[in-house]
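Below is one structure, written out as structure tokens, with a few remarks after it.
The values are calculated or read from the model by the stated rules, or taken from the named source; none is laboratory data. Here the structure is a predicted model, which is why all the values come from computation and not from measurement. Cβ placement follows ideal geometry from the backbone for every residue including glycine, while neighbour counts extend to all protein chains displayed.
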Amino acid sequence: MITTKLNREYAFRILGVGAMMVGICLWSIYDGAKAYPKVNTTLESVRQELLATNLTVTAWLDRDEDGKTPLDLLFAKKGASAPSKLVKKMGELKLSKELANDTAAREAQAKHLTDLFKKPVYSEQDLTTQFVQAGITLIFGLLAFGVIAFRATRQFSADEQGLSGTSIGSQPLDYTDIVSVDWSQWKEKGIVRLVCANNKKLTLDGWHYAGITQIVEEIVKHRTDLAPVAAQ
């Protein structure tokens, strides 16, 4: 008797995707519950110094000989790094050369910078987004594991009488019950579709299951009339 098994390559790929989704889920929970709030707390602890120091965006981000900016040094006092998101937003406030000496533009920049320092780096929406992302990725991760668990319970078998197994159903399928075979995806994807008596349809997929080739060969052995034209 020929019996199929779950294709290990397929299983490992899907399990890898599932593991990646769960990893993203855990990372998102960490960011939303700990990392992002910690950044906000650190900003809050230096907020007064940020607001009291009348520096321009360019001055805040100007690097010294050691590659450190005044912003880096201020956060370093708290044992932290300058938040990348804050640095990015400050960088977006830089003035072009044409506006560098424009009084109105400089005043607007100063106001935007003050508003930026008054707000948390990560808003409530940012935190909520992390938890939503965690939920979505967890669902996809569990779905991937569920697919493999389901397919692991499925099985095809072939013997001298016909096909059987959990994927066939409670009643074995005699070779004589196979009405036609769709070979259109066999060479490229390892998939054949059987049309059986009572209009029952059955798909044999070599990507999902190892041993499908031997099952198909057994079908053709007993039903040469169903062989693909190229094989005749």
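Things to note:
- Members of region 111-145 found to be exposed (fewer than 13 other Cβ atoms within 10 Å of the Cβ) and of a type in the set (Asp, Glu), listed by number: Asp115, Glu124
- Qualifying residue in region 173-180 (condition: farther than 30 Å from Lys85 by Cα, polar (S, T, N, Q), modelled with pLDDT of 90 or more and assigned to a strand (DSSP E or B)): yes
- Thr153 satisfies every condition listed in (1) over 30 Å from Pro172 (Cβ atoms); (2) over 23 Å from the mean Cα position of the chain (by Cα); (3) surrounded by fewer than 11 Cβ atoms within 10 Å (Cβ to Cβ) except (1).
- Number of the condition not met by Ala108 [criteria: (1) touching a helix residue (DSSP H, G or I) at 6+ places or on another chain (Cβ under 7 Å); (2) surrounded by 13 or more Cβ atoms within 10 Å (Cβ to Cβ); (3) of a type outside the set (Val, Ile, Thr); (4) not in a loop (DSSP other than H, G, I, E, B)]: (1)
- Identity of the residue in region 74-105, of a type in the set (Gly, Ala, Ser) and in a helix (DSSP H, G or I), that ends up surrounded by the most Cβ atoms within 10 Å (Cβ to Cβ): Ala105
- Taken over region 181-232, residues that are assigned to a helix (DSSP H, G or I), crowded, with 17+ Cβ neighbours inside 10 Å and of a type in the set (D, E, K, R) amount to 1.
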